[in-house]
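The values are calculated or read from the model by the stated rules, or taken from the named source; none is laboratory data. As the structure is a prediction and not an experimental result, all values here were calculated from the model. Cβ coordinates were reconstructed from backbone atoms using ideal geometry, including for glycine residues, and neighbour counts include every protein chain displayed.
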């Protein structure tokens, strides 16, 4: 891929129950900053979102948040970011985060994290972007999701080359290195195959 300057991180606004989730988020945030990479994320101050942002900022990194007005009004936006984009909707938030980012990494989270990850993978499958997508599988948090993706591939709902669009690793440093070095393979768009 081209030069990697910005990495979008999808993650929970909750910290989860295991200290290892926050530790992984903090390690990733620090790695991004030390590597000279700008963090793009959802702009929140709580949970893993706040942890990854704080760690990047403390290590001297640039952090860009994107948050809808509705969440700012609930006082969950981070007040110490390098830049905060306040937008009108969740759809606009995701579009701006995607446009600002050269790569994507998902940490543990809930519905929002899963939705963001699946959408960005779908965009890759459809050829809307050619950016790497990583998954930090902290303590097996995403094992069931990875098993489902493999099952869906075996059952013919995901093509094998599209399954390879998601890079998964248990180690933040190793995952970031893989994302940085990854060349997204040219894949036939799902819709192109449907026409033939």
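Some points to look at:
- Taking region 60-93 as the range and being over 17 Å from the mean Cα position of the chain (by Cα) and within 17 Å of residue 107 (Cβ to Cβ) as the test, the residues that pass are 61, 78.
- Across region 9-28, a minimum of one residue is classified as in contact with a helix residue (DSSP H, G or I) (Cβ under 8 Å, 6 or more places away or on another chain), free of Cβ contacts under 8 Å to residues at least 40 places away in the same chain and closer than 12 Å to residue 172 by Cβ.
- Residue count for region 168-196 satisfying the condition of being surrounded by fewer than 16 Cβ atoms within 10 Å (Cβ to Cβ) and either modelled with pLDDT of 90 or more or over 17 Å from residue 129 (Cβ atoms) (or both): 11.
- Of the residues making up region 126-148, those that are surrounded by fewer than 19 Cβ atoms within 10 Å (Cβ to Cβ) and part of a helix (DSSP H, G or I) number 8.
- Of all residues in region 56-92 being over 12 Å from residue 43 (Cα atoms) and in contact with a helix residue (DSSP H, G or I) (Cβ under 6 Å, 6 or more places away or on another chain), the one that is surrounded by the most Cβ atoms within 10 Å (Cβ to Cβ): 56
- Look at region 158-173: where a residue is over 12 Å from residue 121 (Cβ atoms) and a partner is modelled with pLDDT under 95 and surrounded by 17 or more Cβ atoms within 10 Å (Cβ to Cβ), sitting 6+ places away or on another chain with Cβ atoms under 6 Å, you get 161/187.
- Some residue of region 16-23 being at pLDDT 95 or above, closer than 25 Å to residue 129 by Cβ and crowded, with 19+ Cβ neighbours inside 10 Å: no
- Answer from 145, 117 - the residue that is in contact (Cβ under 8 Å) with a residue 24 or more places away in the chain and under 20 Å from residue 6 (Cβ atoms): 117
- Sole exception among (1) touching a helix residue (DSSP H, G or I) at 6+ places or on another chain (Cβ under 7 Å); (2) modelled with pLDDT of 95 or more; (3) under 25 Å from residue 41 (Cβ atoms) for residue 153, by number: (3)
- Tally, over region 146-170, of residues that are under 16 Å from residue 107 (Cα atoms) and under 15 Å from the mean Cα position of the chain (by Cα): 5
- Breaking point among (1) without any contact (Cβ under 8 Å) to a residue 40 or more places away in the chain; (2) more than 15 Å from the chain's Cα centre (by Cα); (3) loosely packed, with under 14 Cβ neighbours inside 10 Å, for residue 122: (2)
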